[in-house]
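Below is one structure, written out as structure tokens, with a few remarks after it.
Just so it is clear, none of the values below were taken in a lab; they were calculated from the coordinates. The model shown is predicted, which means the values in this text are computed figures rather than measured ones. Cβ: placed from backbone, ideal geometry, glycine included. Neighbour counts: every protein chain shown.
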Amino acid sequence: IYKITEAGQSANPAFVNDNLEKILALCQKVVESTGVRDSRQQAVLSVRTALWHYYIQFGKEGLADEQLRAILAERPPANKFRITFGYNICISLLVLACRQYYVDKDKSGARNTLIETYRAFKDSVACDTRSVTWLAELETCYRAALMGLAINERLRTGGAPLRDQIAEVCDIALRIKTDNFRIAAMKFITGEVPKIPKAPKVKALP
């Protein structure tokens, strides 16, 4: 799914349109398990995260917003949290919080979501693991939580997120790193198409 999204308009999105929502519905019917690979919550989180990336790429901002809000609403409590949940939750809530501030003009909602980003990181850290892969994912959770705290402090003191902070949100939270997707994501987050600086003109050699 991420490869289809990364390919952008050159890819045929029919597979996603026809099947991914069905996959999500199937995931929601799976009985919760203690295993990672057959965990219903893990599968739903992964599909929802893939979906909001896909919807942003193809300009379906309302549908992307729905997936992000579903991740917030379905966030498991601390006593049912697993370390593998943290990655998708932290990056998703960081994006949602910034959109709440810029697009929804909901400063209070944005601050609450930023706090939930930090709490998701704390819940991840509280889960014991010796898996190198899962420990590596905690770095992204940490960066998301740290950026969330920094933006929250700006909002608390009456300021707005700095431009560099929004750029770092994209660096942290976007799983697709192409320039086109970054532009689409910035528009989704802020409600405005970002200004791309023009390349300087190269003077011809004499």
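Give me the net charge of Lys105's neighbourhood, meaning all other residues with Cβ under 15 Å from the Cβ of Lys105; Lys, Arg count +1, Asp, Glu -1.
Numbers: positive: Arg99, Lys107, Arg111; negative: Asp65, Asp104, Asp106, Glu192.
Here the charged neighbours net out to -1.
How do Thr113, Thr178, Thr84 rank when sorted from fewest to most other Cβ atoms within 10 Å of their own Cβ? Kindly include the intermediate steps, with their values, before the conclusion.
Numbers: Thr113 25, Thr178 14, Thr84 21.
So the residues, fewest neighbours to most, are Thr178, Thr84, Thr113.
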May I ask you to order 115-126, 162-173 by the average number of other C-beta atoms within 10 Å around their residues, highest value first? 115-126, 162-173
How would you rank 58-65, 153-160, 103-110, 181-188, highest first, on the average number of other Cβ atoms within 10 Å across their residues? 181-188, 58-65, 103-110, 153-160
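Would you mind counting up the charge near Arg156? Only other residues with Cβ under 13 Å from its Cβ, with Lys and Arg at +1 and Asp and Glu at -1.
+2
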